[in-house]
Amino acid sequence: MRGLLWRVMFVATNVALRKPRMTREEFFAWAQIQGARYEFDGFQPVAMTGASVNHNHIVRNIHRALYARLRGSGCLSLGPDDGVATIGDTVRYPDAVITCTRTLGTSCLVERPVIVFEVISPGNSAIDRITKVREYLGVASIHTYVIVEQSSIGLTVLRRHDDNAWITTTLTAEDVLGLHEPDVEIPVPELYENVDLPDAEISSMAP
């Protein structure tokens, strides 16, 4: 009996510890007056680490490539300061997100995101490769999640299957990233222009 009571108390304590410190709406109001960038894990703000020059080059290349190809299509790329609501009250800020649904200019969240991009950094690798894989699958409108390597040329492309699971494809410097709904094709090396990479990686980009 004492052991059962202890287990009940332990579970109750854990639930209490995970009680949200703020709501999603409170997070938005709080984040707007902060000097740094944060995501919201559904319970509390999580600071986003500063990005490297390579990271920023890749993000700019993604947006440049998407803007040129999506112009006039009715779809557009947003990010990295536009929020995506995932599981529960969690809010993520992908490096790029495509939507084909009009989003109000005053909104803090992207309406019906369909494709998201995350550029891997040393400090967020586990979150991007594990946590966000589960969270983005939980958003019915997201059908493609693209994970972009930073220290080498490579993409991991996750596409939603009929059984609501991801099918994974890996791409290298010789490949073309093909997206659907909207239909977009981007040679992988285009995402790495001006990125400081090891000589072996740079030579693999040569035509």
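Laboratory data are not the source of any read-out in this text; all were calculated from the coordinates shown. Owing to the predicted nature of the structure, the values given are computational and were not obtained by experimental measurement. Every residue, glycine as well, gets a Cβ built from its backbone with ideal geometry; the counts of neighbours run over all protein chains shown.
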Revision key, fill the gap. Within the range 118-176, DSSP-loop GluC sites (Glu not before Pro) with at most 16 other C-beta atoms within 10 Å are E174
Point to revise | Over the chain, equivalent-ellipsoid semi-axes from the Cα gyration tensor in Å | key: 33, 20, 18
Review point. Based on the mean of other beta carbon atoms within 10 Å per residue, what is the order of 159-170, 86-97, 30-41, most packed first?
Key: 86-97, 30-41, 159-170
**Study point:** Of T23, P198, T101, farthest towards positive along the dipole that unit charges on Lys, Arg, Asp, Glu beta carbons give the chain
**Key:** T23
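Working from the pairwise distances between different alpha carbons, so that the mean of 1/r is found and then inverted, what is the range 101-165's Kirkwood radius in Å? It would help to have the intermediate numbers written out before the result.
Values: mean 1/r = 0.0771 Å⁻¹.
Computed over the range 101-165, the radius equals 13.0 Å.
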Check your understanding: Can you work out the base-10 log of I(q)/I(0) for the range 21-113 at q = 0.13, 0.19, 0.24 1/Å, using the Debye formula on its C-alpha atoms alone?
Key -> -0.48, -0.96, -1.26
Practice item. Can you give me the span-like helices of the chain, meaning DSSP H runs with 18 Å or more of Cα extent along the axis and Kyte-Doolittle mean at or above -1.0? Key: 2-17, 53-70
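Rounded to the nearest 20 Debye, what is the dipole magnitude of the chain about its Cα centre when Lys and Arg each give +1 and Asp and Glu each give -1 at the C-beta? Walk me through the numbers before you get to the answer.
Numbers: 19 positive and 25 negative charges, 221 e Å.
Computed about the Cα centre, the dipole is about 1060 debye.
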Point to revise | Projected-area average for the range 146-203 over all orientations - Cα convex hull basis, square nanometres | key: 4.3
**Study point:** Furthest towards positive pole of dipole, I186, V91, S151, structure part the range 51-204, Cβ charges
**Key:** V91
